[in-house]
1. Once fully extended, how much extra length lies between ARG181 and HIS218, figured as 0.36 nm per residue of separation less the alpha-carbon to alpha-carbon distance?
2. May I ask you to evaluate 6.51 cos²θ - 1.76 cosθ + 1.60, the Karplus curve with θ = phi - 60°, for each residue of region 113-119 and list the ³J(HN,Hα) values in order in whole Hz, giving x for glycine and proline?
3. What is the Cα centroid distance between region 43-110 and region 189-238, reported in whole angstrom?
4. If amide hydrogens are placed 1.01 Å from N in the peptide plane, which non-local residues have theirs closer than 5 Å to the one on LEU125?
5. Per DSSP H run of n ≥ 4, the term is -39500 (n - 2.57); total these for the chain, divide by its residue number, and report the mean residue ellipticity at 222 nm rounded to 500 deg cm²/dmol.
6. For region 100-261, just say rounded, prolate or oblate: build the C-alpha gyration tensor, square-root its eigenvalues into a ≥ b ≥ c, call rounded for a/c under 1.5, and beyond that prolate if a/b exceeds b/c, oblate if not.
7. What does the charge add up to near ALA41, with Lys and Arg as +1, Asp and Glu as -1, over the other residues with Cβ less than 15 Å from its Cβ?
8. Amide H neighbours of MET32 under 5 Å, counting only residues 5+ apart in sequence or on other chains, H built in-plane at 1.01 Å?
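Throughout, read-outs are computed from the coordinates displayed, never taken from laboratory work. A quick note: this is a predicted structure, and the numbers were derived from the prediction, not measured. Please note: Cβ atoms are built from the backbone with ideal geometry, for glycine as well, and neighbour counts cover all protein chains shown.
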Amino acid sequence: MKIAILPGDGIGTEIVAEALKALACLDLKFEMEEAKVGGAAYEAHGHPLPEHTLKLAKEADAVLFGAVGDWKYDKLDRPLRPEQAILGLRKNLELFANFRPAICYEELTHASSLKPEIVAGLDILIIRELTGDIYFGQPRGRRSSPDGAFKGADEAFDTMRYSRPEIERIAHVAFQAARKRNKKVLSVDKANVLETFQFWRDVVTEVHAQYPDVELEHMYVDNAAMQLVKQPKRLDVIVTGNMFGDILSDEAAMLTGSIGMLPSASLNAKNQGLYEPSHGSAPDIAGKGIANPLATILSAAMMLRFSLNQEGAAQRIEAAVKAVLAKGLRTADIYSAGTTKVGTKEMGDAVVAHLKAQG
Ligand code: IPM
Ligand code: MN
């Protein structure tokens, strides 16, 4: 089991360290190698995704990723910005299926900005297509008007596109995931306006014929955004494109109380995967030791389950996380009156203590 460790920038290094502590008490043998990515790699090697980092990721069974980005890189040319590292990894490893579960833990029901009765017991799985759509469509760029009225560029454009095989494979992933849950899929699109997403709806409907035991519903993305805050518990598996999935998954994250709790998995057809918290590098709190490491620790659990075939170990980590929450330990992002505020390291130590007690 070979794991590439890519902590990245900001709080990335702090939270990945806690996940590594948890992995170390599982009595499993991992081959681990760490490399720089994002802004950290740009500083050290002049590129956010250096050749050796990409090679390491490609050769590993799984990648444990922290986060990338910092405001100080906003002025760099786009290909050198930290975000290009994660986009490059997704594209190069063909990590087309992004799983973003939004689970509201019982203990955190009151941390959500929504009323407790709306979110209590919430368990949604967003499946976001990750290597297509307007994120990667060509052509893209800037150009000046044909009559040359302006000196610089005076328009910019991106291309939204999906091919049939791209939609088919993510639809299969969604229907198969639904079979392991409540056999319900909601496909989110904008078929009323966009040709790309009318095609998406048509292809998802075709693939559905192979899954007669699963219920399929279609919804426009604007309505889906509304339903997510109106009655989120009616939703189960949501499958959507790259752009809509980016937006809806942040929205869903907020239902659960804190984005600091949400893991994610990005998989390719070989079940090789990249595992990262759903949140970013949070430069505003980097180095302060207050970031919530639980999303990364839970991402490590997803890694054990999906790429390393260690379901038992995954469940041990998840149980340890539930136990520390039940004990009342909270990082600042999920703190509420009557609970105990802890820092990043203390939270990681508490998870480790529970893992050791289980064993
Ligand atoms: C995410 C992030 C990325 C995305 C950025 C950092 C490129 O927002 O993983 O959701 O837009 O996909
Ligand atoms: Mn995002």
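1. Values: separation 37, 0.36 × 37 = 13.32 nm, distance 1.83 nm.
My answer for the length gained is 11.5 nm.
2. Listing the rounded values in order: 7, 8, 4, x, 5, 6, 10 Hz.
3. 27
4. Under 5 Å from the amide H of LEU125: ALA102, VAL237, ILE238.
5. Details: 12 runs with 141 residues, N = 359.
One gets -12000 deg cm²/dmol as the mean residue ellipticity at 222 nm.
6. Judged from the Cα gyration tensor, region 100-261 comes out oblate (a/c at least 1.5, b/c at or above a/b).
7. Values: positive: LYS36, LYS55, LYS72, ARG81; negative: ASP9, GLU33, GLU34, GLU43, GLU51, ASP70, GLU83.
With Lys, Arg at +1 and Asp, Glu at -1, the net is -3.
8. ILE3
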